[in-house]
Amino acid sequence: MSIKEAGRQIEICNACRYCEGLCSVFPAINRNRVFAEGEIIQLANLCHNCRGCYYACQYTEPHEFALNLPQILAEVRQDSWQNYAWPGSFAKAFQRSGVAIGLMVMVCFTLLIWFIKSIEPQGGEGFYAVLSHNAMVAIFIPAFMLPLVSVVISVRKYWRATGGEKLTFSHCLAAFKSIANMKNLAGGHGDGCNFEDEDRFSNARRWFHQATMVGFLLCFAATSVATIMHYGFDWPAPYPLFSMPKLLGLTGGLMLSAGTLGLAVLKLKADKELSDKTVWGGEMGFVLLLFLVSTTGLVLYALAESDWLPELLAIHLGSVLAFFLLTPYSKMMHGFYRLAALLRDAQS
């Protein structure tokens with residue numbers, strides 16, 4: 001039903017063309033006359049749900065056309081994530097009860113880490129005095145690799161369904177440039193989108209998205225650098241403040257906490273009628289889980305010398321494990337699908 005209704009609304013938009021300068025969706029619509037299912041799914045994943053088209057449209061309710069393109073594309077987008085997810089049943093469950101599942105998984109892993117810590121011999125410095133390096137590696141390698149395999153399978157399904165072809169350097173450059181400056185959240189005039197209020201153009205969502213993205217990448221870079229230092233240069237943690245892992249991690253953690261908190265506040269203020277209401281809990285669960293990962297990491301660093309170190313480490317590692325394992329079924333997948341959609345759009 002979502003695909004059929006999306007096709008009806010897209011055909012009206014293609015005839016009108018009033019919104020063609022707002023984002024990448026409308027030029028992509030205008031390149032076609034007939035819209036197959038794969039093309040509609042591509043358009044849905046190209047949409048950033050900025051909602052500018054809805055407030056600019058003259059055919060929304062009470063007009064008989066009753067257009068609500070942001071909502072119907074959000075429904076198609078969510079359906080595509082669930083249909084392409086592997087295994088798909090986990091994705092449907094998370095979208096229905098994301099906050100509850102995220103908290104449950106985090107608590108379970110926190111208790112598991114606490115149990116391992118209690119039976120493992122003490123040794124090492126810093127965090128390794130609580131949980132050894134070998135134990136951390138044994139826990140986190142499967143927790144990282146299994147979701148990675150799931151993500152690759154899911155995105156490959158999407159790429160085939162939307163008719164993706166062999167990529168070139170120019171395709172990749174165009175897509176990554178769009179992601180880096182959040183072009184599709186800037187609006188056609190550059191003053192931002194209407195995510196918060198129909199009468200107010202704002203770049204707040206764009207800035208919070210960029211803070212979240214850059215913060216996450218810096219945190220990932222901190223972990224990568226620490227891994228190289230540990231195995232390549234035989235320099236195990238803990239590291240001093242003015243070292244690459246600490247500088248990257250602290251900067252990334254602060255940006256990630258600020259970005260996710262800002263996105264959560266905007267999501268509470270935004271009109272739910274312009275999104276897929278059935279998965280609101282799953283989306284908010286993802287944002288809050290990512291906020292918890294970064295914030296518990298910052299608290300852990302600030303209180304590393306306190307008596308609360310074992311408890312804080314268990315909570316932080318539990319939230320990180322929950323985040324990784326739930327990635328293929330959470331809103332985190334929108335980044336992978338959005339990249340695939342922008343790459344596919346660059347080929348058109």
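The values are calculated or read from the model by the stated rules, or taken from the named source; none is laboratory data. Keep in mind it's a predicted model, so treat the numbers as computed, not measured. Reconstructed Cβ throughout: ideal geometry from the backbone, glycine too, with neighbour counts over all protein chains shown.
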Going through the range 150-202 in order, the residues found to be of a type in the set (S, T, Y), touching a helix residue (DSSP H, G or I) at 6+ places or on another chain (Cβ under 6 Å) and either in a helix (DSSP H, G or I) or surrounded by fewer than 18 Cβ atoms within 10 Å (Cβ to Cβ) (or both) are S150, S154, Y158, S178
Could you check how many residues of the range 268-287 are crowded, with 18+ Cβ neighbours inside 10 Å and of a type outside the set (G, A, S)?
-> 7
Answer yes if at least one residue in the range 40-48 is touching a Phe, Trp or Tyr at 6+ places or on another chain (Cβ under 7 Å), closer than 25 Å to A204 by Cβ and modelled with pLDDT of 95 or more, and no otherwise.
-> yes
Scanning the range 21-48 residue by residue, those hydrophobic (A, V, I, L, M, F, W, C) and part of a helix (DSSP H, G or I) turn out to be V25, F26, A28, I29, I40, I41, L43, A44, L46
How about the range 230-243: which of its residues are under 15 Å from Y301 (Cβ atoms) and surrounded by 10 or more Cβ atoms within 10 Å (Cβ to Cβ)?
-> A237, P238, Y239, S243
Per the filter on the range 203-229, residues within 13 Å of G253 (Cα to Cα) and either free of Cβ contacts under 8 Å to residues at least 60 places away in the same chain or surrounded by fewer than 20 Cβ atoms within 10 Å (Cβ to Cβ) (or both) are A211, M213, V214, L217, L218, F220, A221, A222, T223
